[in-house]
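*Asks:* My questions will all concern the structure given below.
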């Protein structure tokens, strides 16, 4: 066989599974290895206690909680609107998805509040930007872990543009808190169309660039194909959601199955693969980046005119100009700032497709101006639970690739 | 007994026919069906819903503290069916004196961490759980932070005394 031919051959997950090393019976020479909590490729502070038999991982026990900051508890002492700032800090790579799910949940509890189309479309557009942001960081760092250095710089180049767009909208690069209960935090800045348009017209070719850099790289293919296989039933059983499920062949995307914030008006496809390995997860996320770009383009072209905040004076802050001239506006401003607004008693479980999977906020109100309970069902927590299933019985060298393919954020896991 | 707001709900009716004494109430606020289940029947109810009714996914298990009411805790199971594209919420009341409930890890392996989290933050013990220990807080932590009678800044540090 010529050398070039080996570059294109593919290894199926089943074939790789058959080569998994089975240690001889009665072997007791085992080594315990602490991976993390400061290991660079655990992407945060995750500790995994590995039990090794030679090069084979016999058991993997994840230890989480290093980043636990009690966000759910803290939400209970903030007013409804103040708690938005905490949702940013849950998943710091997809802040806008977290803002969005919280705002949607509270708006559902409030009931008689109508979010104008412009705000809804803006939310969709920004949520997709945050998906791009998250996938770019994932792709860059994941490739870096496996040894493909160059992609990192390309990904962070585009991520920088996205962060600048966030800054343009909200004044913040990461902790945007831009999606608020009742609409958006600020009026979209003048000239945002040019900025977004310039980025989104160039972006699809950039994705092609990443694909070229990685897919033409035989080391990348060898290290990802057939690695990290786990049957779909096990993934569902373990509570895995998002791109990992789609890479196992199940076309389940909350944006399609339970559309929110007018996602039903956008034309996009669910990107799926069937190989169910690290490579398939990479292909799915690459496909999602292309679909996100499509959605952003549609949002840019069809952005409705009109208000960017709901017409709900008791909930959204009045315009500055009105405050200076109208008595009621001043009273509402005073009430909202000092006490906050009251939300009718009830409970809601709202789900959103975050870059990592199902993010669900279970919000309970007892009729006061503060949430009674905010439970955050974060995708990283559910996904990370499947880590032992991906690592055990496999080679240590593959653990980094498997770990990276899960795309978890430890802030999201520990809350 | 099927609650009035869920009279037309097929899954609630099927569950009631299968386990007549399991459902103790429920509501359909915001079009999100919620059933109260007798704590002793939770595993059977979940098994029926998973195996016969297509609720293959357990999104999460969590808890709400209604201090000072008694029973105090509400353990919440968020179920999801992919084939029906429907969600269902099950709730069990658990009192503080007997803060114990059967674990559903026999049905979903994924319930493991969620139940550990509820144990860690609320102090509810799950019978037959394979590995019931703290998950988010340090192992030697005292108390259960998400309980309503636990101060937000904790017991250990008092900024006022500095």
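The values are calculated or read from the model by the stated rules, or taken from the named source; none is laboratory data. What you see is a predicted model, and the numbers here were worked out from it, not measured in a lab. We place every Cβ from the backbone using ideal geometry, glycine too, and count neighbours over all the protein chains shown.
*Asks:* Can you tell me which residue within the range A:211-251, out of those that are buried (at least 22 other Cβ atoms within 10 Å of the Cβ) and within 18 Å of residue A:290 (Cα to Cα), is farthest from the other protein chains (Cβ to nearest Cβ)?
*Replies:* Across the range A:211-251, the extreme among qualifying residues is A:214.
*Asks:* Which of the residues that make up the range B:112-143 are within 11 Å of chain A (Cβ to nearest Cβ), crowded, with 17+ Cβ neighbours inside 10 Å and either modelled with pLDDT under 90 or touching a helix residue (DSSP H, G or I) at 6+ places or on another chain (Cβ under 9 Å) (or both)?
*Replies:* If the condition is that a residue be within 11 Å of chain A (Cβ to nearest Cβ), crowded, with 17+ Cβ neighbours inside 10 Å and either modelled with pLDDT under 90 or touching a helix residue (DSSP H, G or I) at 6+ places or on another chain (Cβ under 9 Å) (or both), then B:113, B:114, B:117, B:121, B:135, B:136, B:137 are the ones that fit.
*Asks:* Let me ask something additional. Could you please find all residues in the range A:307-324 being over 19 Å from residue A:170 (Cα atoms) and more than 29 Å from the chain's Cα centre (by Cα)?
*Replies:* To start, the set of residues in the range A:307-324 that are over 19 Å from residue A:170 (Cα atoms) comprises A:311-315, A:321-324.
Correct list: A:311, A:312, A:313, A:314, A:321, A:322, A:323, A:324.
*Asks:* Something else about it: Would a scan of the range A:229-241 turn up a residue that is in contact (Cβ under 8 Å) with a residue 40 or more places away in the chain, part of a loop (DSSP other than H, G, I, E, B), within 30 Å of residue A:188 (Cβ to Cβ) and touching a strand residue (DSSP E or B) at 6+ places or on another chain (Cβ under 9 Å)? Before you say what the answer is, go through the steps one by one.
*Replies:* Our first condition is that a residue be in contact (Cβ under 8 Å) with a residue 40 or more places away in the chain; within the range A:229-241, this holds for A:229-232, A:234-235, A:238-241.
Add one more test, that the residue is part of a loop (DSSP other than H, G, I, E, B), and what stays is A:229-231, A:238-241.
Then drop every residue that is not within 30 Å of residue A:188 (Cβ to Cβ), which leaves none.
Scanning the range A:229-241 turns up no residue that is in contact (Cβ under 8 Å) with a residue 40 or more places away in the chain, part of a loop (DSSP other than H, G, I, E, B), within 30 Å of residue A:188 (Cβ to Cβ) and touching a strand residue (DSSP E or B) at 6+ places or on another chain (Cβ under 9 Å).
*Asks:* Within the range A:354-369, how many residues turn out to be within 13 Å of chain B (Cβ to nearest Cβ), crowded, with 18+ Cβ neighbours inside 10 Å and on the phi < 0 side of the Ramachandran plot?
*Replies:* 8
*Asks:* Run down A:377, A:373, A:415, A:394 and say which single residue is under 28 Å from the mean Cα position of the chain (by Cα), within 13 Å of chain B (Cβ to nearest Cβ) and at pLDDT below 90.
*Replies:* Of A:377, A:373, A:415, A:394, the one residue that is under 28 Å from the mean Cα position of the chain (by Cα), within 13 Å of chain B (Cβ to nearest Cβ) and at pLDDT below 90 is A:415.
*Asks:* Name, by its number, the condition in (1) part of a helix (DSSP H, G or I); (2) modelled with pLDDT under 85 that does not hold for residue B:43.
*Replies:* Every listed condition holds for residue B:43 apart from (2).
*Asks:* Just name the residue that is nearest to the other protein chains (Cβ to nearest Cβ) out of those in the range B:12-27 that are touching a helix residue (DSSP H, G or I) at 6+ places or on another chain (Cβ under 9 Å) and touching a residue at least 24 places away in the same chain (Cβ under 8 Å).
*Replies:* The extreme case among them is B:27.
*Asks:* Being touching a helix residue (DSSP H, G or I) at 6+ places or on another chain (Cβ under 8 Å) and more than 9 Å from every other protein chain (Cβ to nearest Cβ) is the filter; apply it to the range A:68-82 and report the residue that is surrounded by the most Cβ atoms within 10 Å (Cβ to Cβ).
*Replies:* The selected residue is A:80.
*Asks:* Right, another one. Could you go through the range B:87-108 and let me know if any residue there is farther than 22 Å from residue B:24 by Cβ, at the interface with another protein chain (Cβ under 8 Å from one of its Cβ atoms), touching a helix residue (DSSP H, G or I) at 6+ places or on another chain (Cβ under 8 Å) and buried (at least 18 other Cβ atoms within 10 Å of the Cβ).
*Replies:* Within the range B:87-108 (the criterion being farther than 22 Å from residue B:24 by Cβ, at the interface with another protein chain (Cβ under 8 Å from one of its Cβ atoms), touching a helix residue (DSSP H, G or I) at 6+ places or on another chain (Cβ under 8 Å) and buried (at least 18 other Cβ atoms within 10 Å of the Cβ)), the answer is yes, since at least one residue qualifies.
*Asks:* Restricting to the range A:318-331, name every residue that is in contact with a helix residue (DSSP H, G or I) (Cβ under 9 Å, 6 or more places away or on another chain) and surrounded by 12 or more Cβ atoms within 10 Å (Cβ to Cβ).
*Replies:* Selection gives A:318, A:319, A:322, A:323, A:329, A:330.
*Asks:* Continuing with this model, one more query. Within the range A:89-116, can you find the residues that are under 12 Å from residue A:411 (Cα atoms) and surrounded by fewer than 22 Cβ atoms within 10 Å (Cβ to Cβ)?
*Replies:* If the condition is that a residue be under 12 Å from residue A:411 (Cα atoms) and surrounded by fewer than 22 Cβ atoms within 10 Å (Cβ to Cβ), then A:89, A:92 are the ones that fit.
*Asks:* Got at least one residue in the range A:280-291 being touching a strand residue (DSSP E or B) at 6+ places or on another chain (Cβ under 7 Å) and either free of Cβ contacts under 8 Å to residues at least 60 places away in the same chain or in a loop (DSSP other than H, G, I, E, B) (or both)? Walk me through it before giving the result.
*Replies:* As a first pass, look at the range A:280-291 and keep what is touching a strand residue (DSSP E or B) at 6+ places or on another chain (Cβ under 7 Å): none.
No, there is no match, as no residue in the range A:280-291 is touching a strand residue (DSSP E or B) at 6+ places or on another chain (Cβ under 7 Å) and either free of Cβ contacts under 8 Å to residues at least 60 places away in the same chain or in a loop (DSSP other than H, G, I, E, B) (or both).
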